[in-house]
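The values are calculated or read from the model by the stated rules, or taken from the named source; none is laboratory data. It should be emphasised that the depicted structure is a prediction, and the values quoted were computed from it without experimental measurement. Positions of Cβ are generated from backbone atoms using ideal geometry, with glycine treated the same way; all protein chains shown enter the neighbour counts.
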C-alpha cells in the first residue's frame, strides 16, 4: 500500500484540477435550461472512469438524465462493490451570497469552494481516483468494482428505481458504497449507519369562491388560513409529541448501547444553539438533541401560505390556504402507512366549513445497517487508517431514499462512507469541501477495497 499512498500524494494537484473541471459544469438537474449541461457532465464522468481504467463505461438512457455505469471485474473470487454517487447539483440561488461564482472552483484556506464540491461530485470522485491508483500501481483493484452515477438525486431520483428494477443482473453486487453523508464534526472521522425516511404531503383548504372583504364577510364564513393553522397546531402537543394516532406504533426503540454511544460523542447543546442562532432548543421530551435528530420521527411544516402577504395592509379574508408537511421516519416506520395515518388525522380535524384536498409529494424508507456487518467494519478500518483517528459511528437525520431501494430492489446492504463536514454548506451558498478530507477520502477508498478483499 505505500506505493499507492505515494501515487496519490504525487498526483494530488492533477486530481484537484480534474475535480475542478467536473465542478465547472453547471449540472443543475432541477432546471430545464441545464439539460445540455447534464449530458455534458455525464460524459465527463464517462471520460473520467475510462481514464481511471474501468473495463466498461457507458452513459445509459433513462426517462430523464442519463445514468453512468462502469465496471472493472478483474478480481475473480473477490467481493463485488457497487459505488453509487450523483453528478447533479442543487440550484445556486441566491447568487449574491456566494463569495466567488458557484461554478468557478476556488481553493481558500484549504477548502475547495464550488457548487457540488461536497454534494456529491467531490465525494464520488474520491472513489474514481482510488480505483485509478490501484490500477496504475498494481494493475488491478483488490475487489470487483461497479459504478452507478445518476443525475437526478437532487430531484428525487425520479427514474432510478425503474433503472434498478430493469438492471438487477447488471448491478448485482455484495455491497453498495455511498459517499453522500459526512462526519460528525471536523477532526472526527465518522461512519453513518442509519438514515431517516421521509413522508411528504401538501394540504390545501378552500373556503369561498374568491377572496372576500373581511369587513363585509368576516364573521359569516370560515377563514381557511385560520382553520389550517388550528389543524396544524393540533398535530403536536406541548411536549413535542405527534398526536397522529398510530404514528409511533412501529418506531424501533433506541437500544441502551446506542444511547450511550450518542452520549459519548463530543456534542455541546449550548454550542449547537449558538451556531443555529435560536433562543433555546426544543423537541420531543425525554430525548437528547442527537436522539431527536437521528433516531426519533418528526412532523414539520415546511411551508404555509394563504391570503395577503405583501407590503402594507389589505383586509382580505382568503379563499384558500395551503401547507407542506413532512415527516422524518425511523426504523421500522413505513412512509405509505404514515401518509395514510396523517391524511386520516387531517380529515378528522378539518371542519365542514372548508373543503380539503391532499397531495402526496414524496416518500422514502428509513434504513439502518448493523454495525457488526463485515462491510461496515471494513470501512471503519479503512477510514481509521486514512486519518489515523478512531471512527465515530453516527446516524443521519436526513434521507437518501435510493439507499432503501438498493436494499429492496437489489437485496444488498449499504455502507455510508461520507467525508463532508456539517459546515460544508451543502445546498447553500459557498458550498465547500476540505482538501484534507478529499485526499484523505481517496486514501480511505483505496484502503476500503483492500479491507473488503480481506473479508
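Some observations on this one:
- Where residue 294 falls short, out of the listed (1) within 27 Å of the chain's Cα centre (by Cα); (2) crowded, with 21+ Cβ neighbours inside 10 Å; (3) outside any helix (DSSP H, G or I): (3)
- Flag: residue 161 matches the condition of being more than 25 Å from residue 25 (Cα to Cα) and either in a helix (DSSP H, G or I) or assigned by TED's automatic domain parsing to the domain that holds residue 48 (or both).
- Selection count, the range 259-288, where residues are in contact (Cβ under 8 Å) with a residue 40 or more places away in the chain, assigned to a loop (DSSP other than H, G, I, E, B), closer than 20 Å to residue 191 by Cβ and out of contact with any helix residue (DSSP H, G or I) (no Cβ under 8 Å at 6 or more places or on another chain): 1
- In the range 400-415, the condition of being free of Cβ contacts under 8 Å to residues at least 24 places away in the same chain and more than 14 Å from the chain's Cα centre (by Cα) is met by at least one residue.
- There is at least one residue in the range 423-436 that is part of a helix (DSSP H, G or I), at pLDDT 95 or above and closer than 30 Å to residue 2 by Cα.
Yes or no, residue by residue, for (1) within 23 Å of residue 245 (Cβ to Cβ); (2) more than 29 Å from the chain's Cα centre (by Cα):
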| position | (1), (2) |
| --- | --- |
| 321 | no, yes |
| 324 | yes, no |
| 331 | yes, no |
| 365 | yes, no |
| 370 | no, no |
| 379 | no, no |
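- For the residues 404, 386, the requirement of being in the same structural domain as residue 134 (by TED's automatic domain parsing), assigned to a helix (DSSP H, G or I) and crowded, with 22+ Cβ neighbours inside 10 Å singles out 386.
- Hey, residue 345 at pLDDT 95 or above, out of contact with any strand residue (DSSP E or B) (no Cβ under 8 Å at 6 or more places or on another chain) and crowded, with 22+ Cβ neighbours inside 10 Å or not: no
- Sole exception among (1) in a loop (DSSP other than H, G, I, E, B); (2) modelled with pLDDT of 95 or more; (3) surrounded by fewer than 17 Cβ atoms within 10 Å (Cβ to Cβ); (4) not assigned by TED's automatic domain parsing to the domain that holds residue 337 for residue 209, by number: (4)
- Screening residue 372 on (1) part of a helix (DSSP H, G or I); (2) free of Cβ contacts under 8 Å to residues at least 40 places away in the same chain shows it passes everything except condition (1).
- Of the strands (runs of 3 or more DSSP E) lying entirely inside the range 1-107, the ones with 2 or more residues being on the phi < 0 side of the Ramachandran plot and surrounded by 20 or more Cβ atoms within 10 Å (Cβ to Cβ) are found at 67-72, 80-86.
- Only one of the numbered conditions (1) assigned to a loop (DSSP other than H, G, I, E, B); (2) at pLDDT 95 or above; (3) over 26 Å from the mean Cα position of the chain (by Cα) is violated by residue 228, and that is (1).
- A single member of 392, 446 is modelled with pLDDT of 95 or more and in contact with a helix residue (DSSP H, G or I) (Cβ under 8 Å, 6 or more places away or on another chain), and it is 446.
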